Amino acid sequence: MPLLEVERVSKDFGGVRAVHDVSFTLEEGELLGIMGPNGSGKTTLFNLIAGALVPDGGRIRLAGQDIAGLAPHRICARGVARTFQLVRPFAGLSALENVLVGRLYGRARGRAAGAVAEAERLLALVGLEDRAHEPAARLTFVDKKRLELARALATSPALLLLDEFLAGLNPAETASAMALVRRLVGEGITVLMVEHIVWALLDLSRRVLVLSAGEKIADGPPAAVAADPAVVDVYLGGAGGARARA
Ligand SMILES: Nc1ncnc2c1ncn2[C@@H]1O[C@H](COP(=O)(O)OP(=O)(O)O)[C@@H](O)[C@H]1O
Ligand SMILES: [Mg+2]
C-alpha cells in the first residue's frame, strides 16, 4: 500500500482553480519532487495534504486511512510534518524550545523522556547546535529554515513536506541542504518536496511531478519529465517564450 494516495483532489478559491483533479501516489521511502511555475498550486496541494485546507473534492489517504479534512494537528499526529515556504518559528521561544514544541504534536507526543536530548540531536543535525538557546527571532533567515526542519522532524514524521526549502540559500547552503534531505530519506523518511530550483529537484528526485495552473501535466523520472514537451512549454513557452515569438 502506498504511504500517500492523492486521488482526484481539487480546490478552488472563488473562481481560481488552485488545484484541479490531481492524483498521485507516494511509496514509503520515496522522495517525490513537485515543480511548477508560481501559482500552479504547489503550496495549496501541501495545505490540502497537511490539513490547513479542506479539498472541494477527491480523497487523500495516509497508509490507507482517509485524512482529507482532518485538523492539521490530527494529521501531524498521524505522521505528516511540513515546513513552510514563509518560515514562521515561535519568535519568542528559543531554538530548542521551538523544536520541543514539534514533539508535542507528532507521533512522539506524550513521551517526555529524552525529549531535550532528541531536540538537541535534531538541532545538531540541521547545524544549529550553537544556537539552541538563541530566541528564534534573532536567527538569520537560513537558520530559521533549519529550525523549521528540526521542528518538523521532532514530530517523528513518516511523511515530510518541504515547501521551497532551498529557496534563498547560497550555493554552499544549497549543497548542504540537499545532502541533509538525502540523509533524511536514507533514514526512512518519505519526502514530498516542492522546489523552484529545478536542477536541484531533478538531481534529488527519482520521480518528479509537474503542476501547471492547478493540473498535473507530468509525472515520471526526472530525465523524462525534463524532456516532456508539455513541461518545456510551461517553463520556456508562454508570453516571454519562443512560442509567443514564433
Ligand atoms: N488562500 C487563498 N485564497 C485565494 N487564492 C489563493 C489562496 N491560496 C492560493 N491561492 C491562489 O491559488 C493559486 C495557486 O497558489 P499556490 O498554491 O500558492 O501556488 P504555488 O505554491 O504553486 O506558487 C494561485 O492563483 C493563488 O493566487
Ligand atoms: Mg508556493
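Among residues of region 120-145 that are acidic (Asp, Glu), those with a beta-carbon under 7 Å from a residue that is open to solvent by 30 Å² or more (accessible area, probe 1.4 Å) and part of a helix (DSSP H, G or I) at least six positions away or on a different chain give the pairs ASP143/ARG131. Scanning region 158-188 for residues that are of a type outside the set (Val, Ile, Thr) and within 12 Å of the chain's Cα centre (by Cα) yields a count of 8.
Taking every residue in region 42-68 that is within 16 Å of ligand 2 (Cβ to nearest atom) and pairing it with any residue that is among the acidic types (Asp, Glu) and modelled with pLDDT of 95 or more, at least 6 positions away or on another chain, yields no pair with a Cβ-Cβ distance below 8 Å.
Residues in region 79-106 that are open to solvent by 20 Å² or more (accessible area, probe 1.4 Å), in contact (Cβ under 8 Å) with a residue 60 or more places away in the chain and either farther than 16 Å from VAL142 by Cα or not in a loop (DSSP other than H, G, I, E, B) (or both): ARG82 alone. Checking the structure you have, find out if any residue of region 156-163 is among the charged types (D, E, K, R) and either surrounded by 23 or more Cβ atoms within 10 Å (Cβ to Cβ) or touching a residue at least 60 places away in the same chain (Cβ under 8 Å) (or both). Scanning region 156-163 turns up at least one residue that is among the charged types (D, E, K, R) and either surrounded by 23 or more Cβ atoms within 10 Å (Cβ to Cβ) or touching a residue at least 60 places away in the same chain (Cβ under 8 Å) (or both). Is it the case that region 32-39 has a residue that's over 15 Å from VAL194 (Cβ atoms) and in contact with a Lys or Arg (Cβ under 7 Å, 6 or more places away or on another chain)? No, that holds for no residue. Identification of helices (runs of 4 or more DSSP H) wholly contained in region 146-246 with 2 or more residues that are closer than 24 Å to SER10 by Cα and modelled with pLDDT under 95 yields 229-236. Find the residue count for region 125-153, including only residues that are out of contact with any strand residue (DSSP E or B) (no Cβ under 6 Å at 6 or more places or on another chain), at negative phi, among the small types (Gly, Ala, Ser) and open to solvent by less than 50 Å² (accessible area, probe 1.4 Å). Residues flagged as out of contact with any strand residue (DSSP E or B) (no Cβ under 6 Å at 6 or more places or on another chain), at negative phi, among the small types (Gly, Ala, Ser) and open to solvent by less than 50 Å² (accessible area, probe 1.4 Å) within region 125-153 amount to 3. When restricted to residues that are outside any loop (DSSP other than H, G, I, E, B) and either within 16 Å of ligand 2 (Cβ to nearest atom) or over 18 Å from the mean Cα position of the chain (by Cα) (or both), region 10-31 contains 11.
Annotation: ARG59 fulfils all but one of (1) touching a strand residue (DSSP E or B) at 6+ places or on another chain (Cβ under 8 Å); (2) in a helix (DSSP H, G or I); (3) open to solvent by 50 Å² or more (accessible area, probe 1.4 Å); the unmet one is (2).
The values are calculated or read from the model by the stated rules, or taken from the named source; none is laboratory data. Computed from a predicted model, the values in this text were never measured in an experiment. Positions of Cβ are generated from backbone atoms using ideal geometry, with glycine treated the same way; all protein chains shown enter the neighbour counts. For the accessible areas, the whole protein counts, side chains as well, though only heavy atoms, and no ligand, DNA or RNA atoms are used. Shrake-Rupley method; radii C 1.70, N 1.55, O 1.52, S 1.80 Å.
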